[in-house]
Amino acid sequence: LREGARPPAASAATNTAAATTNLANDDDTSSLTADATADQNPVFAKGCYFIGKVLWGKGYTELVNNLITDKASHGGTTIPFDVYGSGPDLDAVAAAAANAGLPMTFFGARDHGDESLHDYKVLVNPSLSDVVATTTAEALAMGKFVVVAKHPSNEFFSTFPNALLFDDEASFSAAVRRALAEEPQPLSPEDRARLTWEAATLRFLDVADIDVTEPFTPTTSPLSPKSSSPSAFARVASGAALPFRLVNGAVRAVSNATDDALAIVHNTLTGVEPLRRAVGAGKRTKATPADLCAFAAEEHDPSVPLPSKTPRQRTWSWRTNAESGRTA
C-alpha cells in the first residue's frame, strides 16, 4: 500500500494515505488555518512541530540528530520545536534534547484535529519507518509546509508544492529554515482532492486493476477453482461483476501458465520424502495422521503404516508417547 514497504515478488505499491474528512474538506477552510488574508493565503502564528508516538525508531533519532547538526552549523542558533506525542522513549528523547541544548517542548499526545495544532506552519516528519504517514497528509490538507525525507515512502507527498524534501543534515536545515521564512502556497482544489480517502481508494483500485488487455480464459490446472464457471470468471475479469469499473491499471498480473508451472514444481518437490527430510521436515509428516494428539512423528517407524481411526491403534500410539515422556 506504500512505496516505503518491502515489496513482495510480482507486486506494486501505491500511496493510500489520506487526511480525515474534516481536514480535507474544501468547504471548511476556516478550520484549517489560524488566520487568512484576503486571497485565502494562510498565515500561521507558530513555527515547527512534530506529532507521533515517542519511539526512537519513529523519526526521533533523525529529528534530534538533524537539530543538533543545524545548531552547530548556525553558530549555536537553534530552532524552537514542539513535540506532540507519548511513548516509552519520551524521557530518553527529552533528556537527549536537553543535553544537546535543543529548545524542544514536549506535550502530550494529541490528534491533528485539535485546535491547538492549527496554528503551526511547519510539520517536520523525518521518519523513515512510517510507511503510511497519515500525519503528513493531514498537515498538507491543513495548508501547512511539510518537511520530509527524500524517501520512497514520500514520493507521493513530493508532488505537492508545500512539501520540502531533504536527504542530509544540510538540506534538512535549509528546508526547515526556508519553511519558517516563507508562507505556504494555498492548496488547490485538485491537490486537496488528492488528499481525501476517496482519492486514496481510487489509487488503491487503480493499482489493483485486473488486466483485461487479453481475453480471459479459465485454465484447467489443479489450481483453478473446479466449481467456478467461465461466465463468472469473465464477469469479474471484465469488471461487470463489480460495483465499479477499474481503469488505467498499472500492474499486469503474472501469467496463469507461469504460476501453474511454479506450483507444479513446488508440489512435485515437496512430495519427495528424502527432499522434505533434507530441508528439515519431520519423519513421515507429509500425510496427516488420523489422530494428531496420539501420534509422535519422530518416533514413528516409516515402515509402519500411520495410525488409523481404530481404537486399538490409537491406544498403541498413546503408549508410544507416554513411554517417551511426551504428553498430548
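The values are calculated or read from the model by the stated rules, or taken from the named source; none is laboratory data. Values in this document were obtained by computation on a predicted structure and should not be read as measured data. As a convention, Cβ positions derive from the backbone with ideal geometry for all residues, glycine included, and neighbour counts pool all protein chains shown. Keep in mind that these areas ignore ligands, DNA and RNA; they rest on the heavy atoms of the full protein, side chains included. Shrake-Rupley method; radii C 1.70, N 1.55, O 1.52, S 1.80 Å.
To the nearest 0.05, how large is the calculated FRET efficiency for THR105 and THR77 if R₀ is 22 Å and r is the Cβ-Cβ distance?
Details: r = 17 Å, r/R0 = 0.79.
Plugging the Cβ-Cβ distance into 1/(1 + (r/R0)^6) gives 0.80.
For the stretch 130-206, what relative contact order do you get, as a whole percent, if you take Cα pairs closer than 8 Å and at least 6 residues apart?
Working: 65 pairs, mean separation 21.4, N = 77.
So the answer I get is 28 percent.
I need the shape label for the stretch 132-202. Rule: rounded when a/c is under 1.5, else prolate if a/b > b/c, else oblate, with a, b, c from the alpha carbon gyration tensor.
On the way: a/c = 2.66, a/b = 1.48, b/c = 1.80.
Judged from the Cα gyration tensor, the stretch 132-202 comes out oblate (a/c at least 1.5, b/c at or above a/b).
Could the peptides 143-155, 261-273 be put in order, highest first, of the mean number of other beta-carbon atoms found within 10 Å of their residues? Could you put the intermediate results ahead of the total?
Details: 143-155: 22.1, 261-273: 11.5.
Final packing ranking: 143-155, 261-273.
For GLU138, what accessible surface area do you get with a 1.4 Å probe? Give it in Å², rounded to 10.
Counting only protein heavy atoms, the figure is 20 Å².
Over the alpha-carbon set of the stretch 65-122, work out the extent along each principal axis and list the three values in angstrom, largest first.
Taking the Cα atoms of the stretch 65-122, the three principal extents are 36, 28, 13 Å.
Could you give the length gained on full extension between THR270 and THR134, defined as 0.36 nm per residue of separation minus the Cα-Cα distance, in nm?
Taking THR270 through THR134 to full extension adds about 44.6 nm, to one decimal.
For the stretch 45-179, what does the convex hull of the Cα positions come to per residue, in cubic angstrom?
95 Å³
Around THR69, under 15 Å between beta carbons, what's the net of Lys plus Arg minus Asp minus Glu among the other residues?
With Lys, Arg at +1 and Asp, Glu at -1, the neighbours total -3.
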